[in-house]
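Peer 1: The structure is given below, and queries will be raised subsequently.
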Amino acid sequence: AQSVTQPDIHITVSEGASLELRCNYSYGATPYLFWYVQSPGQGLQLLLKYFSGDTLVQGIKGFEAEFKRSQSSFNLRKPSVHWSDAAEYFCAVGGDTDKLIFGTGTRLQVFP
Amino acid sequence: NAGVTQTPKFRVLKTGQSMTLLCAQDMNHEYMYWYRQDPGMGLRLIHYSVGEGTTAKGEVPDGYNVSRLKKQNFLLGLESAAPSQTSVYFCASSYLGGGQETQYFGPGTRLLVL
């Protein structure tokens, strides 16, 4: 069965520091992987997605993610965090189905 | 383009009351979804639709009904609200199957059931 694990419920970083949010998935076939961001009181917005090809994908707002099949991971990274990046981040896995399975989210707090 | 819109933004119900949440999209998307978001639970799929006139159950369908009479609209109904249905509800749409396509989300409806 499909599943997504985001092991970090809450992460706090200083502005300007680097960031890595972890995502592990379980999927029997080739996964389609997504990262979404949710600002307070808002809906979700796509940051980036991986379908195939280059395992390092670039997204909006300076984010990138790396697909590692051997580790069943799709971690999200940003080299320098801005205060406006404070939000909740969701990893999701899909594939040859009509549905996405979302992780439980990681809340990012940024200190000045 | 307005994208995905949801009506209402916020609602308070008493236990046993009924209500309908409306989702509308202007992107000519085939697929539409209703999720609920609860603290620590992420997003859980309630029902979805793969096209006009179709509906299917998601992960947590009990206590909800849906209808997709028009391609651009997807309605979520609560026939007899319960406190356990207090949540934030998000609608989403995608051009093709949600497992492979980007989903576009509405701003959410916050529902409180007393």
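Read-outs throughout are calculated quantities, based only on the coordinates presented, and are distinct from any laboratory measurement. The structure presented is a predicted model; accordingly, all values stated were derived computationally and were not measured. Every residue, glycine as well, gets a Cβ built from its backbone with ideal geometry; the counts of neighbours run over all protein chains shown.
Peer 1: Which pairs in the list A:Lys49/A:Lys99; A:Lys78/A:Lys99; A:Lys99/B:Lys70; A:Lys61/B:Lys71 are over 26 Å apart, alpha-carbon to alpha-carbon? Before the final figure, lay out the partial values.
Peer 2: On the way: A:Lys49/A:Lys99 15 Å; A:Lys78/A:Lys99 28 Å; A:Lys99/B:Lys70 21 Å; A:Lys61/B:Lys71 32 Å.
In this structure, A:Lys78/A:Lys99; A:Lys61/B:Lys71 lie more than 26 Å apart at Cα.
Peer 1: I've got another one for you. Residues of the stretch B:14-42 with the amide nitrogen closer than 19 Å to a label point 7 Å from the Cα of A:Ile9, along Cα-to-Cβ, please.
Peer 2: Correct set: B:37-42.
Peer 1: Stokes-Einstein diffusion coefficient for the stretch A:1-55 at 10 °C in a medium of 1.306 mPa s, Rh from the Kirkwood formula over Cα pairs: what value in µm²/s? Write out the running numbers ahead of the final one.
Peer 2: On the way: Rh = 13.6 Å.
This corresponds to a translational diffusion coefficient of 117 µm²/s.
Peer 1: Can you compute the FRET efficiency between B:Leu112 and A:Ser70 using 1/(1 + (r/R0)^6), with r the Cβ-Cβ distance and R0 = 45 Å? Round to the nearest 0.05. Don't jump to the answer; show the numbers that get you there.
Peer 2: Values: r = 45 Å, r/R0 = 1.01.
Approximately 0.50, to the nearest 0.05.
Peer 1: Can you order the peptides B:68-81, A:80-93 by their average number of other Cβ atoms within 10 Å per residue, highest first? Write out the running numbers ahead of the final one.
Peer 2: Working: B:68-81: 16.9, A:80-93: 19.6.
Ranking the peptides B:68-81, A:80-93 by packing returns A:80-93, B:68-81.
Peer 1: With charges set only on the Cβ (+1 for Lys and Arg, -1 for Asp and Glu), what does the dipole of chain B come to about its Cα centre, in debye to the nearest 20? The partial results should precede the final answer.
Peer 2: Values: 10 positive and 8 negative charges, 66 e Å.
The calculated dipole for chain B is roughly 320 debye.
Peer 1: Quick one: net charge of B:Glu59's neighbours, Cβ under 14 Å, K/R +1, D/E -1?
Peer 2: Values: positive: A:Lys99, B:Arg36, B:Arg44, B:Lys57; negative: A:Asp98, B:Asp38, B:Asp62.
Local charge sum for B:Glu59: +1.
Peer 1: Still on this structure, please answer the following. How crowded by other chains is B:9-17, given as the mean number of beta carbons from other chains within 10 Å of each beta carbon? Before the final figure, lay out the partial values.
Peer 2: Working: counts 1, 0, 0, 0, 0, 0, 0, 0, 0.
Whole-number average of other-chain Cβ neighbours for B:9-17 is 0.
Peer 1: Can you tell me the dipole magnitude for the protein assembly as shown around its Cα centre, using point charges on the Cβ only (Lys, Arg +1; Asp, Glu -1), in Debye to the nearest 20? All intermediate terms of the calculation are to be shown ahead of the outcome.
Peer 2: Numbers: 19 positive and 18 negative charges, 80 e Å.
The calculation lands at about 380 debye.
Peer 1: I've got another one for you. In sequence order, what are the phi-derived ³J(HN,Hα) couplings for the stretch B:5-20 according to the Karplus relation 6.51 cos²θ - 1.76 cosθ + 1.60 with θ = phi - 60°, rounded to whole Hz, with x for glycine and proline?
Peer 2: Coupling constants for the stretch B:5-20: 10, 10, 9, x, 7, 8, 8, 10, 10, 9, 3, x, 6, 10, 6, 10 Hz.
Peer 1: Round to the nearest 0.05 the FRET efficiency obtained for A:Phe111 and B:Thr5 when R0 = 35 Å and r is the Cβ-Cβ distance.
Peer 2: Working: r = 35 Å, r/R0 = 1.00.
It comes out at approximately 0.50.
Peer 1: First select every other residue whose beta carbon is under 10 angstrom from the beta carbon of B:Ser87; then total the charges, Lys and Arg +1, Asp and Glu -1. All intermediate terms of the calculation are to be shown ahead of the outcome.
Peer 2: On the way: positive: B:Arg36, B:Arg44, B:Arg110; negative: B:Asp38.
Spelling it out: positives minus negatives among the neighbours equals +2.
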